[in-house]
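Inspection log for the structure reproduced underneath, given as structure tokens.
The values are calculated or read from the model by the stated rules, or taken from the named source; none is laboratory data. Being a predicted model, the structure only gives us computed values, none of them experimental. Ideal geometry is used to build each Cβ from the backbone, glycine not excepted, and the neighbour counts take in all protein chains shown. These area figures cover heavy atoms from the full protein model, side chains too; ligands, DNA and RNA do not enter into them. Shrake-Rupley method; radii C 1.70, N 1.55, O 1.52, S 1.80 Å.
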Amino acid sequence: MKALIFLFLAHGVLLENLTWLEAEKTLTPSTVIVIPLGAAAKEHGPHLKLKNDFLIAEYLKKRVLDESDVVIAPTINYSFYPAFVEYPGSTSLRLDTARDTVVDICRTLSRYGPKRFYVINTGISTQRALKPAVDILAADGIVMRFTDLEVTAPVEKKIREEPGGTHAEEIETSMMLYMAPESVDMSKAVRDYHGEHRGPLTRDPKNTAGTYSPSGIWGDATLATRAKGKIVTEALVAAILSEIEQLRRMPLPAPAAPPH
């Protein structure tokens, strides 16, 4: 009986499926709210969909929903992605807009009781919006944490074969072969890596301020396998679940004193 009770409590709730009366009972000071964040319009080469990050966020959301006692808010599908805007279909919010979107969602939901928020972050540039959001919310007595994709670096290092790159390449494509194989067209996967460079991806070989990538891939997507994707994905899921439990136990920051 105790095991059954634990299994019941371990499952999360989708906020969008509640009525406001049910939300009133569910959103308490002990509630941890999870906010998935993944671009639904951002290039990922010729072999992956524009909604690639959204698919990752939705997959991770379902894993957390099945394994953690949390309330999951609707997925945010726009944010700060300035490195990809040369590729048609890609979108990016202004940095302040991306930051304030998260802040406003957390502030609004915190009015009903919850003060602990976890963002399932599927991007890299998004950290530039999420880090200041953490500080802004802390001044309101709200604690927010988010996924840093570097958490899987140790396992990636063991299986990576490509010489470099971090976008729509061996590792990310492998993860998609595991998470959503129907979204991957490996017949269009290519190697597109011209050494380590800084700056946004660019289709212009004369743009020395950017990272040249005519395909939108940075790395070697042809090396991707489902087996590699399983290793990285399961490590990521384990890290997210662990971080949510750490957040649950964290003390709340003291609200900043009002100005005199």
Kindly rank 219-232, 178-191 from highest to lowest mean number of other beta carbons found within 10 Å of each residue.
-> 219-232, 178-191
If a/c stays under 1.5 just call it rounded; otherwise compare a/b with b/c (prolate if a/b is bigger, oblate if not). Do that for region 32-138, with a ≥ b ≥ c from the square roots of the Cα gyration tensor eigenvalues.
-> oblate
Which of rounded, prolate, oblate describes region 64-114, given a ≥ b ≥ c as roots of the alpha-carbon gyration tensor eigenvalues and a/c under 1.5 marking rounded, otherwise prolate only if a/b is larger than b/c?
-> oblate
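What order, most packed first, do the peptides 68-79, 89-100, 13-24, 164-175 have when packing is the mean number of other Cβ atoms within 10 Å of each residue?
Answer by packing, highest mean first, reads 164-175, 68-79, 89-100, 13-24.
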Starting from the Kirkwood radius over alpha-carbon pairs of the chain, derive D by Stokes-Einstein at 20 °C in a medium of 1.002 mPa s and give it in µm² s⁻¹.
-> 111 µm²/s
Cα centroids of region 216-260 and region 44-88: how far apart, whole angstrom?
-> 13 Å
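When the helices in the chain are scored as -39500 (n - 2.57) per DSSP H run of 4 or longer and the sum is shared across all residues, what 222 nm value do you end up with, to the nearest 500 deg cm²/dmol?
Numbers: 8 runs with 100 residues, N = 260.
Value at 222 nm, helices only: -12000 deg cm²/dmol.
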With a ≥ b ≥ c the root eigenvalues of the C-alpha gyration tensor of region 151-224, is it rounded (a/c under 1.5), prolate (a/b larger than b/c) or oblate?
-> oblate
A chain fully extended from residue 206 to residue 138 at 0.36 nm per residue, minus the present Cα-Cα distance, gains in nm 20.1 nm
Could you give the accessible area per residue of region 126-193, probe 1.4 Å, as a whole number in Å²?
-> 45 Å²
Which value in nm describes the separation of the simple spin-label points at residue 25 and residue 239, placed 7 Å from the Cα toward the beta carbon?
-> 3.8 nm
Once the principal axes of the Cα atoms of region 17-63 are found, what is the range along each, listed largest first in whole angstroms?
-> 46, 19, 15
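Could you sort the peptides 104-113, 202-211 by per-residue average Cβ neighbour count (10 Å cutoff), highest mean leading?
Output ranking for 104-113, 202-211: 104-113, 202-211.
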The alpha-carbon center of region 158-174 and that of region 176-191 are separated, in whole Å, by 13 Å
For residue 65, placing the label point 7 angstrom along Cα-to-beta-carbon and taking region 26-59, residues whose amide nitrogen sits under 11 Å are 58-59
Please give, to one decimal in nm, the separation of the simple spin-label points placed at residue 254 and residue 190, each 7 Å out from Cα toward the Cβ.
-> 5.9 nm
In this structure, among 51/188; 61/230; 49/188; 158/228; 157/230; 42/62, pairs with alpha-carbon gaps over 20 Å are 42/62
Hits among aspartates and glutamates - C-alpha to C-alpha of residue 25 under 18 Å, sequence gap 8 or more where chains match | 16, 69
Note down the nm distance, to one decimal, between modelled labels 7 Å out along Cα→Cβ at residue 107 and at residue 124.
-> 3.1 nm
